[in-house]
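One structure below.
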Amino acid sequence: MTGLSTENANLVWQKVAISLDALGANKAMRESFRALKNYLSQEKRNLNLQFVAIDATLVDDANGVVLMDGPCRVFGVFAKKQATGTDTYLALLNDDTDDASPVTDVRLVVGLQESAEQAAVLYPAGIAMSVGVVGKAYTEFDGTTDANSADTPNGFVILGAL
């Protein structure tokens, strides 16, 4: 990933719809993102956004996966856990390289305990990430135990300019 590369919000919302379909998102998830889309288009003048997929096979990496290597805002996160019963926590860190400092860099944690559980976290004002965004999955809330790829979620983040 090389810095924020936004595009017209309508293109991002098309990608969101396609991803929600592909991941089998339930109606509550779809309605949540529809509400975020309406808010951002009306209150934030349809600002340009970036869609970044979260791949379960990458968030289990020892260092996490760099989702954005520059400053940005996180407006929304969708995660769907794979079919496993192991508790998994998807963390988004304010970092542009790795998860070396989860205690100080974590800005958002999405807990997924049930098999195939879905979660959406929306921030209409956006969470400021001054350095970048690293995604990492753990089996402990505090980031002490890395998750393996069988337990990690797929999904996406919606980013915008800082």
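Determine ³J(HN,Hα), in whole Hz, for all residues of the stretch 46-53 in sequence, where each value follows from phi through the Karplus function 6.51 cos²θ - 1.76 cosθ + 1.60 and θ = phi - 60°; x replaces Gly and Pro.
Listing the rounded values in order: 6, 4, 5, 9, 9, 9, 10, 6 Hz.
Give the residue from GLY143, VAL109, GLN42 lying farthest towards the positive end of the charge dipole for the stretch 9-160; charges sit on Cβ (+1 for Lys and Arg, -1 for Asp and Glu) and the dipole is referred to the Cα centre.
Among GLY143, VAL109, GLN42, the one farthest towards the positive end of the dipole of the stretch 9-160 is GLN42.
Using θ = phi - 60° and the Karplus relation 6.51 cos²θ - 1.76 cosθ + 1.60, list the HN-Hα couplings for the stretch 146-159 in order, rounded to whole Hz, with x at every Gly or Pro.
5, 7, 9, 4, 6, 9, 8, x, 9, x, 6, 10, 10, 10
What is the Cα centroid distance between the stretch 30-56 and the stretch 128-162, reported in whole angstrom?
19 Å
With θ set to phi - 60°, apply the Karplus curve 6.51 cos²θ - 1.76 cosθ + 1.60 along the stretch 71-86 and write out the HN-Hα couplings as whole Hz, x wherever there is a Gly or Pro.
With the stated coefficients, the stretch 71-86 comes to x, 6, 10, 9, 9, x, 9, 10, 9, 10, 6, 6, 7, 8, x, 6 Hz.
Compute the relative contact order of the chain as a whole-number percentage, counting only Cα pairs closer than 8 Å that sit 6 or more residues apart in sequence.
The normalised contact order for the chain reaches 34 percent.
Of the lysine pairs in the chain, how many meet both conditions: Cα atoms under 25 Å apart, and a spacing of 8 or more in sequence or different chains?
Lysine pairs, 8 or more places apart or on different chains, close enough: 14.
Each value in this text was obtained by applying a stated rule to the coordinates, not by laboratory testing. Being a predicted model, the structure only gives us computed values, none of them experimental. Every residue, glycine as well, gets a Cβ built from its backbone with ideal geometry; the counts of neighbours run over all protein chains shown.
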